[in-house]
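First the structure, in the form of structure tokens, and then the observations on it.
The values are calculated or read from the model by the stated rules, or taken from the named source; none is laboratory data. Predicted model only: the values in this text are computed from it and were never measured. Because the Cβ atoms are built from the backbone with ideal geometry, glycine has one as well, and the counts that use them run over all protein chains shown. These accessible areas exclude ligands, DNA and RNA; they are computed on the full protein's heavy atoms, side chains included. Shrake-Rupley method; radii C 1.70, N 1.55, O 1.52, S 1.80 Å.
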Amino acid sequence: MSDAPKLSKIEHLKEGSRQLRGTIAEQLSDGTDLFSDDNANLLKHHGTYLQDDRDDRKAKNADGTKKGKSYIMMVRTRIPGGRVTAEQFLAELDLCEKYGNGTLRVTTRQGFQLHGVLKANLKATIKAINDTHLTTLAACGDVERNVMSCPAPLNGDPVRNEMHSLAYALAEHLKPRTTAYYEIWLRDENGEETNACEFQPVDEPIYGRYDLPRKFKTGIALPEDNCIDIYSNDLGLLAIHENGKIIGYNVLVGGGMGRTPSAEKTFPAIAKRMAFITPEQAIGVSEAVVKVQRDFGNREDRKIARLKYLIHNWGIEKFKAKVEEYYGHSLPEPHPADVTDVDDHMGWHDQGDGKWFLGINVECGRIKDEGDFRLKTALRTLLETYRMPARLTALQGVLLCDIAQEQRVEIDSLLRRHGVKAAEELTPTRRYAIACPAFPTCGLSITESERVLPEVVDRVEVELAKLGLLKERISIHMTGCPNGCARPYTPDIGFVGKAVGKYTIFLGGNAEGTRLGFIYKDSVPYDDLVAVLAPVFSLYKSKRTTGESFGDFCVRIGVEALNAHADQALQPA
Ligand code: HEM
Ligand code: SF4
């Protein structure tokens, strides 16, 4: 009997897909509104997911018969460091109106997402994104995804500029070389038909025959500003700088959020500190980390295929030794510097080059017009008028950049006229709250997330106001299932969909993203979420030490004492 691992179905699919072609091109024009399962899986590598509108699942036709699923596509754009030009931003706004559901989403990893695109419009949508020199290639799939980097446009700051350059260089270096993407989406209507017999594979120096065992995420942050949540990434590069110069990066490996409660072998993890490298080594060492995961990551069971499981099984020393072997040099221990703070970059800031940038909080990442709230129109007007570049933050915000001092008053007043609040009018809790999309688009969601988070924050604010705690930065992340797309295991409070209408509440993380929370209560009905937290808030008010954050307090008191206190407080009188 052979000891060769029994590859998972997806591994066979990838290998036999003629470098991610499958029969996508053929199915695109077959007149149906969906793709086969195999093609849907391959399509993720092209940056798009087959979904169905879950609100429609119960819908009926006029004659009372079931309507059946309404298939739609999600299209994700990969944007290293979240940097876009006015033209690129406007093109995405146009696309959400022309082909999407009229809203544009800023994702939790500095990307844009369109929802509700019909299959018939998929090619036109992806082509239009590429026409603006952005891409959806490798926005999803078992490859290096979007490389994140602190987006603050502090142009007088050479450190952030160098981080941005590295994000681009890494994204370029680690992108798949397959030509399938260009053949399928970018050839114009007169292009020659793909002929399977003529297919010639190109060399994939990083990904080889199968791509990676699972998705791979990279982020670049600063110790004093971990706005991209570096510890939740497979690979993190923490820029250590002195006198305005990056002297090197601490390499962090093996972060990842997803967990399956029924499978004990799965767990969320924050990355481990592995080494300190020079800026010149950054690309080579990153490639070595990716290749070690490519060659040793689990390809039998996708539930335990992320890098965090390899590092858990091997231990960090063995993993580091293997990376050194692949890289060809030994690597020194990490620099003592570590993450100390986080900035959401909201409000007005001096860029350091005579211009200003404005951070606008986008609730749950959804750019839309709804009643008197007309953020989408406001952004469109500002981008069309001033043609400023913009950046996307990992807390689902937008930074409008390169604004002249004299333009500020008009910009503020236009936003106000469109019902968009200034950062100073929002509590820190609202500014630091993020949610995954969940219903109605995500096929994996168990509970609501994006659609209910604003109401949850309203209720939290009521409790905090009673206690005079509204100025505290208590971060909340919410997801509709344990996969954790909005990183719910690292903030002060995490709400994670567990069963229909019920959530697991995590406490004890922090806004800086350096610690995992613990389960405080499980299977809490939506309507009770804030009621079960209220006693903890009041205990925090009375027992906190000076300046102690909510997450630090929860860790100090411990889950048992918190539970005992809450249970007592919640007893009927
Ligand atoms: C096994 C785990 C995971 C699965 C199966 C999964 C699947 C999905 C799906 C289906 C969507 C599309 C939802 C929609 O837009 O309708 C999505 C969105 C997204 N996921 Fe995941 N996901 C997983 C874990 C994660 C993790 C751990 C992160 C990052 C920490 C992440 C980051 C994202 C981002 C940035 C989006 C875009 C939507 C947004 O939040 O703005 N995912 N994911
Ligand atoms: S966390 Fe779950 S529900 Fe939310 S987008 Fe990710 S997979 Fe969907």
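State which residue is farthest from ligand 1 (Cβ to nearest atom) when the search covers only the stretch 444-461 and only residues that are without any contact (Cβ under 8 Å) to a residue 40 or more places away in the chain and not in a loop (DSSP other than H, G, I, E, B). Among those residues, the one meeting the criterion is 461.
Residue-wise test of (1) outside any loop (DSSP other than H, G, I, E, B); (2) more than 30 Å from residue 455 (Cβ to Cβ); (3) not polar (S, T, N, Q).
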{"residue": "332", "(1), (2), (3)": "no, yes, yes"}
{"residue": "357", "(1), (2), (3)": "yes, yes, yes"}
{"residue": "378", "(1), (2), (3)": "yes, no, yes"}
{"residue": "396", "(1), (2), (3)": "no, no, no"}
{"residue": "402", "(1), (2), (3)": "yes, yes, yes"}
{"residue": "408", "(1), (2), (3)": "yes, yes, yes"}
{"residue": "414", "(1), (2), (3)": "yes, no, yes"}
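Scan the stretch 20-41 for residues that are assigned to a helix (DSSP H, G or I) and open to solvent by less than 60 Å² (accessible area, probe 1.4 Å) and the total you get is 7. Whenever a residue of the stretch 211-230 is within 17 Å of residue 295 (Cα to Cα), it has no partner that is open to solvent by 10 Å² or more (accessible area, probe 1.4 Å) and among the β-branched types (Val, Ile, Thr) lying with C-beta atoms less than 7 angstrom away and at least six residues away or across chains. Regarding residue 572, is this residue part of a loop (DSSP other than H, G, I, E, B) and not acidic (Asp, Glu)? Considered against the rule, which asks whether it is part of a loop (DSSP other than H, G, I, E, B) and not acidic (Asp, Glu), residue 572 comes out as yes. Of all residues assigned to the stretch 101-112, none qualifies as being among the hydrophobic types (A, V, I, L, M, F, W, C), more than 16 Å from ligand 2 (Cβ to nearest atom) and surrounded by fewer than 24 Cβ atoms within 10 Å (Cβ to Cβ).
Answer with yes or no whether residue 261 is open to solvent by 10 Å² or more (accessible area, probe 1.4 Å) and within 13 Å of ligand 1 (Cβ to nearest atom). Here the answer is yes, as residue 261 does meet what is asked. If the requirement is being within 11 Å of ligand 2 (Cβ to nearest atom), modelled with pLDDT of 95 or more and either open to solvent by 20 Å² or more (accessible area, probe 1.4 Å) or over 26 Å from residue 258 (Cβ atoms) (or both), which of these qualifies: 450, 455, 463? Being within 11 Å of ligand 2 (Cβ to nearest atom), modelled with pLDDT of 95 or more and either open to solvent by 20 Å² or more (accessible area, probe 1.4 Å) or over 26 Å from residue 258 (Cβ atoms) (or both) holds for just one of 450, 455, 463, which is 450. Just one of the listed residues (527, 492) is more than 16 Å from ligand 1 (Cβ to nearest atom), out of contact with any helix residue (DSSP H, G or I) (no Cβ under 8 Å at 6 or more places or on another chain), farther than 24 Å from residue 101 by Cβ and charged (D, E, K, R), and it is 527. Taken across the stretch 342-355, residues that are of a type in the set (Gly, Ala, Ser), surrounded by 15 or more Cβ atoms within 10 Å (Cβ to Cβ) and in contact with a helix residue (DSSP H, G or I) (Cβ under 7 Å, 6 or more places away or on another chain) do occur, with at least one present. Considering (1) in a helix (DSSP H, G or I); (2) out of contact with any strand residue (DSSP E or B) (no Cβ under 6 Å at 6 or more places or on another chain); (3) crowded, with 24+ Cβ neighbours inside 10 Å, the lone condition that residue 511 does not fulfil carries the number (1).
Of the residues making up the stretch 246-299, just one is acidic (Asp, Glu) and outside any helix (DSSP H, G or I), namely 264. Filtering 387, 374, 431 for residues that are buried (at least 17 other Cβ atoms within 10 Å of the Cβ), more than 24 Å from the chain's Cα centre (by Cα) and more than 16 Å from ligand 2 (Cβ to nearest atom) leaves a single hit, 374. When we screen 391, 387 for residues that are away from ligand 1 (no atom under 16 Å from the Cβ) and not polar (S, T, N, Q), the only hit is 387.
Being of a type outside the set (D, E, K, R) and open to solvent by less than 10 Å² (accessible area, probe 1.4 Å) is a property that residue 475 has.
Take residue 533 and tell me if it is outside any strand (DSSP E or B), open to solvent by less than 10 Å² (accessible area, probe 1.4 Å) and away from ligand 1 (no atom under 16 Å from the Cβ). Judged against the criteria, residue 533 is a match. The listed residues are 415, 426, 399, and the only one of them that is in contact with a His (Cβ under 8 Å, 6 or more places away or on another chain) and away from ligand 1 (no atom under 16 Å from the Cβ) turns out to be 399. Residues in the stretch 42-89 that are closer than 18 Å to residue 111 by Cβ and assigned to a loop (DSSP other than H, G, I, E, B) were compared, and the one that is nearest to the chain's Cα centre (by Cα) is 79. Looking across the stretch 514-528, the residues that are in a strand (DSSP E or B) and surrounded by fewer than 21 Cβ atoms within 10 Å (Cβ to Cβ) come down to 518, 519, 521, 522, 523, 524, 525.
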